[in-house]
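Asks: I am attaching a structure below and will ask some questions about it afterwards.
The values are calculated or read from the model by the stated rules, or taken from the named source; none is laboratory data. Everything quoted here is computed from the prediction, not taken from an experiment. Heads up, the Cβs are rebuilt from the backbone with ideal geometry, glycines too, and the neighbour counts pull from every protein chain shown. Note: accessible area is taken over every heavy atom of the protein model, side chains too, but ligands, DNA and RNA are not part of it. Shrake-Rupley method; radii C 1.70, N 1.55, O 1.52, S 1.80 Å.
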Amino acid sequence: MTAGSAHVADNPADDSATVNDRADATDRFAGIDTRLYLVTDSAQCEAAGRSVAETVQAAVAGGVGIVQVRDKDIDDGDFYSLTRQVIAAVDAATRDTDRTVPVVLNDRVEVARRLNDEGENVHIHVGQTDTTVAEVRAALGAEPLIGLSAANSDEFAAARDSGVVDLIGIGPVFDTSTKADAPDGIGPDRLRELVAEAGIPAVAIGGINADRAPDLKGRGLIGICVVSAICMAEDPKAAAEELLAAFAGSGQ
């Protein structure tokens, strides 16, 4: 990571954005456009008639700035192959540009270690019941970004105390069908309170689409995460462009 400040999507004058606008909290995201974060869903991409890699390449061309590879239904060997395809897709979409688009693995620490050992620069996101963030940092070293799903005061405090979490994912913001066991959406107002409490750069996830994205402006976020809004879109590139414009404004 180069030195400098991350792109913070919200207006810095908004009080809730200040916890995520500190140089010490955001240096790790320097050079990365965090505003639109894609989490892949293999089944949704297949249902839409595309591979995950085809979806990713189009979405990154449309403005996605971070890609998380997520598939709970395949083994590590297939997940490694899938991630390799995604890395190639990101490389193809960013070729001849100065863009840095991180590839994040959902849990799969051993796959991440293998890829990093092979010279790839991949990162990790975990949930509360996955590998602990301390174990991830011990396994992968200081360079990879670590994201963590968190939803309440205790989880935020544990994330801060760990000293190794770079990014918090908060949600679901809206009701979502992506996860069968997902709780009801918390809504944009409660999201704003949680982001301010977290004290770590935060992205929102859950039921976000282009119609709802404008409601997430001014909530202190560095970005929004989407799954079906891109994976099931007829045109992932156009969908990414629309989401980015809706959340950040087409002029930014």
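Asks: From the convex hull of the Cα coordinates of the chain, what is the mean projected area in square nanometres?
Replies: 12.2
Asks: Still on this structure: Starting from the Cα of GLU46, move 7 Å in the Cα-to-Cβ direction to define the label point; list residues of region 77-106 whose amide nitrogen is under 14 Å from there.
Replies: Inside the label zone: 78-79, 82.
Asks: Are there trypsin sites (Lys or Arg not before Pro) in region 77-129 that DSSP puts in a loop and that have at most 12 other Cβ atoms within 10 Å, and which ones?
Replies: When the trypsin sites (Lys or Arg not before Pro) of region 77-129 are filtered for loop state and at most 12 Cβ neighbours within 10 Å, ARG95 remain.
Asks: If you place +1 on the Cβ of every Lys and Arg, -1 on the Cβ of every Asp and Glu, and leave all else neutral, what size is the dipole of the chain about its Cα centre, to the nearest 20 Debye?
Replies: Dipole size: approximately 320 debye.
Asks: Evaluate the distance, in nm, between pseudo-label points positioned 7 Å from the Cα of ASP73 and of ALA142 along their respective Cα→Cβ axes.
Replies: 4.1
Asks: Could I ask something else about it? Highest mean first, how do 118-125, 31-38 rank when packing is the count of other Cβ atoms within 10 Å averaged over residues?
Replies: Listed from highest to lowest mean packing, they are 31-38, 118-125.
Asks: Can you work out the accessible area per residue across the chain, with the rest of the protein chains kept in place, probe 1.4 Å, in square angstrom?
Replies: Computed with neighbouring chains in place, this is 43 Å² per residue.
Asks: Right, next: For the chain, what is the calculated [θ] at 222 nm in deg cm²/dmol (nearest 500), taking -39500 (n - 2.57) for each run of four or more DSSP H residues and dividing by its residue count?
Replies: -10500 deg cm²/dmol
Asks: Roughly how far apart, in whole Å, are the Cα centres of region 76-128 and region 131-209?
Replies: Result: 20 Å between the Cα centres.
Asks: Can you figure out the FRET efficiency of ASP117 with GLU193, using R₀ = 25 Å and their beta-carbon distance, to the nearest 0.05?
Replies: 0.05
Asks: To continue, here is another question. When the Debye formula is applied to the Cα atoms of region 134-241, each taken as the same point scatterer, what base-10 log of I(q)/I(0) results at q = 0.10, 0.11 Å⁻¹?
Replies: -0.31, -0.38
Asks: Now for a separate question. Would you mind calculating the relative contact order of the chain from Cα pairs under 8 angstrom and at least 6 residues apart, reporting the percent as a whole number?
Replies: Taking the mean separation of contacting Cα pairs over the length of the chain, I get 25 percent.
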